[in-house]
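Reading through the structure tokens given below for one structure.
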Amino acid sequence: MRYDFKEIEEKWQKKWEEENAFHMEEDAEKPKYYALEMFPYPSGNLHMGHVRNYSIGDVVARCKKMQGYNVLHPMGWDSFGLPAENAAIKHGTPPAEWTWSNIDNMRRQLKRLGFSYDWEREIATAKPDYYKFTQWMFLQLYKHGLAYKKKSYVNWCPSCQTVLANEQVVNGKCERCKSEVGKKDLEQWFFKITDYAQRLLDDIDKLSGWPDKVKAMQANWIGRSEGAEMKFQIAGSDQFLTVYTTRPDTIFGVSYMVMAPEHPMVDQLISGKPEEEACRAFIKKVQTQSEIVRSATDTEKEGVFTGCYMINPFTEEKIPLYLANYVFLDYGTGVVMGVPAHDQRDFDFAKKYHLPIRIVIQPEGQNMKSEEMTEAFAAEGIMENSGCFNGLSNRDALKKMIAYAEEKRIGQKKVNFRLRDWLISRQRYWGAPIPIVYCPHCGTVEVPEEQLPVLLPENVKFTGQGKSPLSECPEFVNTVCPKCGAPAQRETDTMDTFVCSSWYFLRYTDPHNDKMPFDKAKADYWMNVDQYIGGVEHAILHLLYARFFTKALHDFGYIDCEEPFANLLTQGMVLKDGSKMSKSVGNVVSPEEIIAKYGADTARLFILFAAPPERDLDWNDTAVEGAYRFLNRVWRAVDELTPYLSEEPLDKNSLNEKEKKLRFAVHASIKKVTEDCARFSFNTAISSIMEMVNALYVYKENTKTAEYHSALLTEAVENLIVLLYPFVPHIASELWEISGREGKLTERAWPQADMEALQVNEVEIVIQINGKIREKMMISPEASPEQMKETALSNEKVQALIAGKSIVKCIAVPKKLINIVVK
Ligand code: ANZ
Ligand code: ZN
């Protein structure tokens, strides 16, 4: 019988669907296991990265099920976002239509790969029954003071007259019309993730099942820093500006101050001054620089004098106040004290604008001169030029100076985080509308929960110009105030799609609930996710936002767990000829092509065998062929052996050496696959199955069919199929049926290795005479060199070969060889 993968795969996919084979309900009797892969954006077609991600997840889910767990393994669609809108602008297809047809296509492709999803739990974030609860989430955060509105800058294309997402700005230019992108001040919605900064940082320690690399990235992003705030008086005024510094010990070395150009005080400070015009020109220029450019270390530090002076509270010295591109409004206080001798940015700035460089910390035992410095000295040392703090180590001085500042009420200790509040407003159509109404009488009013969802209107125009399509849709905008009934207007911003994906793993636990996003008991049963699998590109934002949502929902009393993902696996990229597979490089291998040529099982097997999951994987056509040939080899073996299988129990004492060898290979493979799968080393698990198949062929080729040990062959074939099943479920299911095995493979328990079979009581050693291999024999692996020599010399062939010669010496290598040197 030929291995007809197409027919087989279609047959089993249909069967699993009809049987609803992977549907799961809560079951208090069984331990639960929640296996989750990051859900895809429905861009149109699956790519190899998806195939890899979902193949890994499928092995995990199928293994765990066989190991007795009640497994939740769901799939859905991260289906809001910009590409749908771009397609609408380009081709006139409505975003919903584009999205649903992409989803249909990709669902078909996922099913064609035979993944064990519980399709009854499928979700799509762009469906009203889902985004209703994304809006509910917004309202919970709003009620708890964690959603607020403030002015913030957006990218603005002056010629398209539209807001641009960061990814639409390419090298500072509009992606579409190529004109220079500017900034515009807009009122926008934020989630106060900064309230959770410390907890998000502390709880990283609980994530023992996460890669260290990802944990470090999260900690870095949260960016906790300790320092002090210090108040500087504006000369000739009774107003103060507060700076945030991590180095209060350098305060005697301050030679100027800098303020972010966007700082709200700037206007008042420069108004009417001779420097005003220059300042306004500078502010305009900085607005065109993106934050990324501004914060890059190699971007030139530029600034302008404001005409104002400040008073250093420690020295009473008068120092100039500048605006500069390297100071940001939204970090610390937006004002910085410039210490050129000890901070590199300040050093560069001082050199450019001829500001004094004053050393206040000397490296121990040295005497640096500021005129000779070529870079800032940022390390530890001994204080000088610092009044009563001279001679102290700078560490001690830092503590004493903060204490002094607190006593004099000119400053205080302060912890800062680099983490910013999460800007969730998007001036876009294809997202979840923010459930807020503006009433001329009541102000900002939340849409009552029972009025959710705030539906996206369908008859909107996409011109790519002007405000967002929602704000130009009067049927949407005009409404009545939920509080007083007066005519009112809806918020027209939609939510960042990261909001939708910050709670989807909870929705899977109760996907059809129309009253609540999920039932607490169900979520508590399934959560947290035991194994999360996805790309490392989500190591920061998505994972941090999901952790934030989980903690907030915990605090509001909706779930017990505080961390969403117990274990995380970040899979490597799929490369072709050393570079990432991508349309722009033109090196894409399409999953559909591979499936058509070799079948889904081959695609899965190749991708799991080619590299360990965390590593990058190089696509290799020959290796795909290899995977296909291996499956054919398995097919032939089972097909040929099927007539010799029996239902008789295996009598372990009936085995001869050859049979013991085969049984050893079978149980060694069970042991190895079990251990390897537990640590996601699927490539080595598969190699050990390959070794088992080799052992089966060796047995088959060296044994007459009449002498086949059927009970042993039955054990071998059964275990081979069961071990293959999580990797290549279709061929395994078919072979299970062909070979007449009992029961459903989907319900089969994971096999246990028989340790007795692994006890080797004899190993083969070679006998060399004067270095030439002359004979092989079986011997106990525990045999001593003396025993080895004795056994070798009692061998007839050896005796014949050394007859009449004298033995000079015997070299024995236990379990391997013995070399007899004769003259
Ligand atoms: C004086 C000083 C002297 C500083 C020195 C550093 C070294 P981290 O560690 O990232 O928290 N800073 C403060 N607010 C800023 C802002 N809004 N934009 C740009 N820079 C800002 O960095 C804190 C340090 O970054 C602060 O300490 C401040 O410069 C600067 F030898 O103050 B420091
Ligand atoms: Zn009202």
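Since every read-out is calculated from the coordinates, none of them should be taken as a lab result. These numbers come from a predicted model, not from an experiment. Cβ sites come from the backbone with ideal geometry, for glycine too, and all protein chains shown count toward neighbours.
Annotations for the structure displayed:
- Percent of C-alpha pairs per 10 Å bin in segment 722-790, short distances first: 16, 27, 15, 17, 20, 5.
- Taking amide H as placed 1.01 Å from N in the peptide plane, the amide H of Q768 sits under 5 Å from that of R774, I818, N819, I820, each at least 5 places away or on another chain.
- Taking each residue as 0.36 nm, the span from S370 to K318 lengthens on full extension beyond its C-alpha to C-alpha distance by 16.7 nm.
- When only alpha carbons of segment 278-394 are considered, Rg and Dmax amount to 15.7, 47 Å.
- Rounded Å value of the spacing that divides the Cα centres of segment 132-188 and segment 587-664: 51 Å
- Computed from label points 7 Å out along Cα-Cβ, the spacing between E18 and A281 is 8.0 nm.
- Efficiency of FRET from Cβ geometry, M516 and I292, R₀ 41 Å, rounded to 0.05: 0.55
- Semi-axes of the equivalent ellipsoid of segment 202-284 are 39, 18, 11 Å, computed as sqrt(5λ) over the eigenvalues of the C-alpha gyration tensor in descending order.
- Label separation (E187 vs M1): 7.1 nm, computed from points 7 Å beyond Cα along the C-beta direction.
- If the convex hull is drawn through the Cα atoms of segment 360-418, its volume per residue in Å³: 118 Å³
- Ranked list, fewest to most other Cβ atoms within 10 Å of each Cβ, for T315, T791: T315, T791
- Under 12 Å, Cβ to Cβ, from D493 - net charge with Lys/Arg +1 and Asp/Glu -1: +2
- Treating r as the C-beta distance of T463 and M217 and R0 as 22 Å, the FRET efficiency rounds to 0.05.
- Distance from segment 1-33 to segment 758-791 (C-alpha centre basis), Å: 49 Å
- Förster radius 51 Å - calculated FRET efficiency between N45 and V760, Cβ distance, rounded to 0.05: 0.50
- Average Cα contact separation per residue, segment 745-823, under 8 Å, 6 or more apart, as relative contact order %: 33 percent
- Binning the C-alpha pair distances of segment 746-823 at 5 Å intervals from 0 yields a P(r) profile of 3, 14, 24, 19, 10, 7, 5, 5, 4, 3, 3, 1, 1, 0 %, listed from the shortest bin outward.
- The charge dipole of segment 544-625, taken about its Cα centre with unit charges on the Cβ of Lys, Arg, Asp and Glu (plus for the first two, minus for the last two), comes to roughly 200 debye.
- Using a cutoff of 8 angstrom between alpha carbon atoms and counting only pairs six or more residues apart, the relative contact order for the chain works out to 13 percent.
- The chain has equivalent-ellipsoid semi-axes of 64, 40, 23 Å, by the square roots of 5 times the alpha carbon gyration tensor eigenvalues, sorted largest first.
- Using the Stokes-Einstein relation with a Kirkwood hydrodynamic radius computed over Cα pairs, the translational diffusion coefficient of segment 427-531 at 20 °C and a viscosity of 1.002 mPa s comes to 136 µm²/s.
- Dimensions of segment 511-659 from C-alpha coordinates, computed as largest minus smallest value along each principal axis and given longest first, are 65, 52, 32 Å.
- Computed over segment 165-243, the ratio Rg/Rh where both radii use C-alpha atoms and Rh is Kirkwood: 1.15
- Reach of K11 by Cα under 17 Å, taken over aspartates and glutamates that are not fewer than 8 positions away in the same chain: E19, D601, E734, E737
- Computed log₁₀ I(q)/I(0) - Debye formula, equal Cα scatterers, no solvent, segment 301-357, q 0.15, 0.22, 0.24, 0.30 Å⁻¹: -0.43, -0.96, -1.14, -1.44
- Potential lengthening of the chain between R409 and M690 amounts to 93.7 nm, from the contour at 0.36 nm per residue minus the alpha-carbon distance.
- Entries in K6/K127; K32/K744; K576/K597; K32/K111; K231/K273; K150/K206 that, when Cα-Cα distance is taken, lie over 28 Å: K6/K127; K150/K206
- About the Cα centre, charge dipole magnitude for the chain (Lys/Arg +1, Asp/Glu -1 at Cβ), debye: 1480 debye
- Angle between the chain longest axis and helix 95-112 axis [Cα atoms, degrees, rounded to 10]: 20 degrees
- Pairwise alpha-carbon distances in segment 1-159 exceed 27 Å for 42% of all pairs.
- Based on every Cα atom in segment 366-454, Rg and the maximum pairwise Cα distance Dmax equal 26.6, 72 Å.
- Using alpha-carbon coordinates, inclination of helix 5-19 to the longest axis of the chain, degrees: 70 degrees
- Mean-position separation - Cα centroids, segment 476-525 and segment 353-417, in angstrom: 52 Å
- Rg/Rh, computed from the Cα trace of segment 651-775 with Rh as the Kirkwood radius, has the value 1.03.
- In order through segment 362-368: 3J(HN,Hα) via Karplus (6.51 cos²θ - 1.76 cosθ + 1.60), integer Hz, x for Gly, Pro: 9, x, 3, x, 10, 9, 5
- Helical mean residue ellipticity (222 nm; -39500 (n - 2.57) per DSSP H run of 4+; nearest 500) of the chain: -11000 deg cm²/dmol
- Segment 628-711: Rg to Rh, with Rh as the Kirkwood radius over Cα pairs: 0.99
- Each 10 Å bin from zero holds the following percent of Cα-Cα pairs in segment 406-464: 14, 28, 24, 14, 13, 6, 1.
- Positive minus negative residues near K658 (Lys, Arg vs Asp, Glu; Cβ under 13 Å): -1
- Residues C561, C388, C177, arranged from fewest to most other Cβ atoms within 10 angstrom of their Cβ, appear as C388, C177, C561.
- Where a label projected 7 Å from the Cα of N795 along Cα→Cβ would reach, residues of segment 748-770 with amide N under 12 Å: 764-770
- The long axis of helix 344-353 is offset from the longest Cα principal axis of the chain by roughly 40 degrees.
- From largest to smallest, the equivalent ellipsoid semi-axes obtained for segment 237-325 from the alpha-carbon gyration tensor read 22, 18, 10 Å.
- Shown for segment 488-593 is the translational diffusion coefficient from the Stokes-Einstein equation, using the Kirkwood radius over Cα pairs, a temperature of 25 °C and a viscosity of 0.890 mPa s: 149 µm²/s.
- Net lengthening on full extension, S784/A749 (0.36 nm per residue, minus Cα-Cα): 8.4 nm
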